[in-house]
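Participant: Once you've had a glance at the structure underneath, I'll fire off some questions.
The values are calculated or read from the model by the stated rules, or taken from the named source; none is laboratory data. Quantities reported herein were computed from a predicted structural model and do not represent experimental measurements. Here the Cβ is made from the backbone with ideal geometry for all residues, glycine too, and neighbour counts use every protein chain on show.
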Amino acid sequence: MKRRKNESQLGLMLLLAIIVGAVIYVYNSKMFERNAPEISINNSGYWNLKDPLDVSISDNSGLKSYKITLKSETQEVVLHNEQFITPQLSVHAKVEPPKSAYIMKEKEITIVVEAHDVSKWDFFKGNIAKSEFKLIIDKKRPYLNVIANSYKITRGGSALVIFKLEDENLKNFYIQTSFDKKFIAQPFYKKGYYIALLAWPIKEENFKAVIVAEDYAQNIAQGYIPLYLTDKKYKTSNIKLDDKFLKGKIAELSDEFAETNGVTDSIEQFKIINEKIREKNEKLIHEITSKVSDESVIDFSINEMYPLKNAAVVAHFGDHRIYSYDGKDVSESYHLGLDLASNAMAEIKPQNGGKVVFAGYNGLYGNMPILHHGLGLYTLYGHCSTINVSVDENVKAGANIANTGKSGYAMGDHLHFGVLVQGIEVRPAEWMDTEWMKLNIADVIKSAKEIIDRG
């Protein structure tokens with residue numbers, strides 16, 4: 001009797017162990033995986049009913065089937081329905097709009113995605129996921145129209161454009177150029193209008209600018225800016241390096257930079273300074289002067305730029321300088337400003353007020369203040385002996401912001417005067433020309449305002 005009782009208890013314990021083992025197996029087995037499929041749509045919440053929707057579904061045990069349905073107030077359309085013979089760990093579906101998309105008038109629809117995996121969980125029913133995505137329907141491209149622009153642009157020069165842009169779901173817009181630069185426009189005068197200065201870099205052979213606007217539904221509008229292109233030839237200077245210069249100024253500068261530390265060859269020192277150091281200094285300038293405010297511009301006027309009284313031009317903008325030593329070309333650079341000289345340590349008094357965005361030492365440019373005059377227009381003052389302003393200071397026209405000198409890469413006391421538009425160096429001569437500024441800036445703004453006011 002006792003033996004039978006022991007056998008019964010042993011059998012019960014064995015059965016219990018089998019049940020526990022089975023539970024553990026089911027709990028940990030991939031076959032009985034309990035997680036529902038994961039569903040996502042790569043979408044901003046808008047759909048233009050032209051481009052396909054990107055739907056992603058994944059599951060650790062494998063997908064058995066999925067269905068994608070479009071629901072609106074008037075219809076329910078199955079867009080995708082697929083069953084797999086071999087389970088799929090992930091699916092990336094490109095869901096095309098329904099054939100009735102072009103006549104759909106609904107402003108909002110719901111995309112329903114259902115997915116079923118091959119898990120044996122839930123008494124062999126598996127896991128089911130269902131996600132709903134509400135999408136706003138927007139089939140209209142942004143409205144875009146160029147209102148006014150400068151008649152022409154010269155290589156190395158500037159131009160202005162004003163345009164109208166409207167879209168209730170506007171995402172972003174910019175002015176794309178043929179050389180990959182994107183110019184940013186600011187709000188102008190009244191709602192829905194924008195203004196931007198443009199620049200044609202001296203090193204670029206051609207220029208083309210197109211306004212690009214995109215809404216959240218990925219509708220894109222483009223507007224070509226009709227500018228007449230004027231090429232301009234700039235001077236090429238062949239400069240022979242001599243030992244006096246290399247052992248003097250270049251050796252002096254070499255002691256200043258980490259990049260020339262340990263370099264003893266004079267030509268190699270010159271190459272590093274003229275190329276690597278210059279590139280580093282110009283990168284800083286471009287970063288500082290590429291910034292554009294998002295504040296609305298009601299008007300924009302600028303005075304002719306003559307920052308140095310009774311000055312003589314000693315070096316022109318755009319000069320392509322090719323340096324040689326012992327009959328061999330060793331380096332090159334472009335002079336991207338206008339060199340002006342008068343008395344030693346002469347007062348620099350810009351005729352336009354602005355905000356000081358940089359006031360410090362910048363390698364080859366020496367002591368260098370930079371002013372922002374609005375609309376992405378900046379002026380730069382290099383080789384100064386002293387700087388009399390501080391960053392974030394708003395200076396008035398005619399203020400003595402600095403004094404000329406020979407700091408940095410300068411052989412004599414002078415001012416390196418630079419003008420930049422959204423990080424691109426442009427011809428100072430244009431901004432010193434009253435007639436050019438009237439035709440290309442003031443008249444364009446006046447004309448645009450008249451058109452806007454007429455509605």
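Participant: Taking Asn42, is it under 20 Å from Ile220 (Cβ atoms) and surrounded by 13 or more Cβ atoms within 10 Å (Cβ to Cβ)?
Facilitator: no
Participant: For segment 87-116, which residues satisfy the criterion of being farther than 22 Å from Arg34 by Cα, in a strand (DSSP E or B) and charged (D, E, K, R)?
Facilitator: The answer is Lys94, Glu108.
Participant: If Val419 passes every condition in (1) buried (at least 23 other Cβ atoms within 10 Å of the Cβ); (2) of a type outside the set (Lys, Arg); (3) farther than 30 Å from Tyr174 by Cβ but one, which one does it miss?
Facilitator: That leaves (3) as the condition not met.
Participant: With Lys125, Lys139, Lys130, Lys134 as the choices, which residue is among the charged types (D, E, K, R) and in contact with a Phe, Trp or Tyr (Cβ under 9 Å, 6 or more places away or on another chain)?
Facilitator: Only one candidate qualifies: Lys139.
Participant: Can you name the residue in segment 358-407 that is in a loop (DSSP other than H, G, I, E, B) and touching a residue at least 60 places away in the same chain (Cβ under 8 Å) and, of all such residues, is farthest from Lys181 (Cα to Cα)?
Facilitator: In this case the residue turns out to be Thr404.
Participant: If a residue counts only when it is closer than 30 Å to Gly337 by Cβ, which strands (runs of 3 or more DSSP E) contained entirely in segment 172-236 have at least 3 such residues?
Facilitator: Correct list: 193-199, 209-215, 228-230.
Participant: Could you list, in sequence order, the residues of segment 192-212 that are closer than 11 Å to Phe163 by Cα and surrounded by fewer than 19 Cβ atoms within 10 Å (Cβ to Cβ)? Break it down stepwise before answering.
Facilitator: Initially, segment 192-212 is screened for residues closer than 11 Å to Phe163 by Cα, giving 192-196, 211.
Gly192 - this is the single residue of segment 192-212 that is closer than 11 Å to Phe163 by Cα and surrounded by fewer than 19 Cβ atoms within 10 Å (Cβ to Cβ).
Participant: Assuming Lys438 fulfils every condition listed in (1) without any contact (Cβ under 8 Å) to a residue 24 or more places away in the chain; (2) assigned to a strand (DSSP E or B); (3) not β-branched (Val, Ile, Thr) apart from one, which condition is it?
Facilitator: (2)
Participant: Checking Lys276 against (1) surrounded by 16 or more Cβ atoms within 10 Å (Cβ to Cβ); (2) assigned to a helix (DSSP H, G or I), only one condition comes out false. Which one?
Facilitator: Every listed condition holds for Lys276 apart from (1).
Participant: Does Ser119 satisfy the condition of being among the polar types (S, T, N, Q), farther than 22 Å from Ile445 by Cβ and not in a strand (DSSP E or B)?
Facilitator: The answer is yes for Ser119.
Participant: May I pose another question? Name the single residue, out of those in segment 110-127 being surrounded by fewer than 20 Cβ atoms within 10 Å (Cβ to Cβ) and at pLDDT 90 or above, that is farthest from Asn43 (Cα to Cα).
Facilitator: So the residue we want is Glu114.
Participant: Hey, among Lys328, Lys280, which residue is among the basic types (Lys, Arg), modelled with pLDDT of 95 or more and within 23 Å of Lys182 (Cα to Cα)?
Facilitator: Lys280 is the lone residue from the list that is among the basic types (Lys, Arg), modelled with pLDDT of 95 or more and within 23 Å of Lys182 (Cα to Cα).
Participant: For segment 41-59, give me each residue that is of a type outside the set (D, E, K, R) and in contact (Cβ under 8 Å) with a residue 40 or more places away in the chain.
Facilitator: Listed by number, the residues that qualify are Ile41, Asn43, Ser44, Gly45, Tyr46, Trp47, Asn48, Leu49, Pro52, Leu53, Val55, Ile57.
Participant: Looking only at segment 291-350, count how many residues are acidic (Asp, Glu) and part of a loop (DSSP other than H, G, I, E, B).
Facilitator: Summing the residues that are acidic (Asp, Glu) and part of a loop (DSSP other than H, G, I, E, B) in segment 291-350 gives 5.
Participant: Of the conditions (1) basic (Lys, Arg); (2) surrounded by fewer than 18 Cβ atoms within 10 Å (Cβ to Cβ); (3) over 29 Å from Ala312 (Cβ atoms), Lys438 fails just one. Which one is it?
Facilitator: So Lys438 meets the others, but not (3).
Participant: Can you say whether Asp319 is surrounded by fewer than 15 Cβ atoms within 10 Å (Cβ to Cβ), over 30 Å from Tyr194 (Cβ atoms) and acidic (Asp, Glu), as far as the supplied structure shows?
Facilitator: Working: surrounded by fewer than 15 Cβ atoms within 10 Å (Cβ to Cβ): no; over 30 Å from Tyr194 (Cβ atoms): yes; acidic (Asp, Glu): yes.
It is false that Asp319 is surrounded by fewer than 15 Cβ atoms within 10 Å (Cβ to Cβ), over 30 Å from Tyr194 (Cβ atoms) and acidic (Asp, Glu).
Participant: Conditions: (1) under 20 Å from Val314 (Cα atoms); (2) in contact with a His (Cβ under 7 Å, 6 or more places away or on another chain). Asn352 meets all but one. Number of the miss?
Facilitator: It is condition (1) that Asn352 fails.
Participant: What about Gly363, is it modelled with pLDDT of 95 or more, under 30 Å from Lys446 (Cα atoms) and surrounded by 15 or more Cβ atoms within 10 Å (Cβ to Cβ)?
Facilitator: No.
Participant: Among all residue pairs at least 6 apart or on different chains, which show Cβ distances below 9 Å where the first residue, located in segment 182-195, is touching a residue at least 40 places away in the same chain (Cβ under 8 Å) and under 18 Å from Ser301 (Cβ atoms) and the second is assigned to a strand (DSSP E or B) and among the charged types (D, E, K, R)?
Facilitator: Hits for this filter: Tyr193/Lys164.
Participant: Right, another one. Looking at Ile153, Ile136, Ile103, which one is buried (at least 18 other Cβ atoms within 10 Å of the Cβ), over 18 Å from Lys67 (Cα atoms) and among the β-branched types (Val, Ile, Thr)?
Facilitator: Details: Ile136 fails: buried (at least 18 other Cβ atoms within 10 Å of the Cβ); Ile103 fails: buried (at least 18 other Cβ atoms within 10 Å of the Cβ).
Result: Ile153 is the single residue among Ile153, Ile136, Ile103 that is buried (at least 18 other Cβ atoms within 10 Å of the Cβ), over 18 Å from Lys67 (Cα atoms) and among the β-branched types (Val, Ile, Thr).
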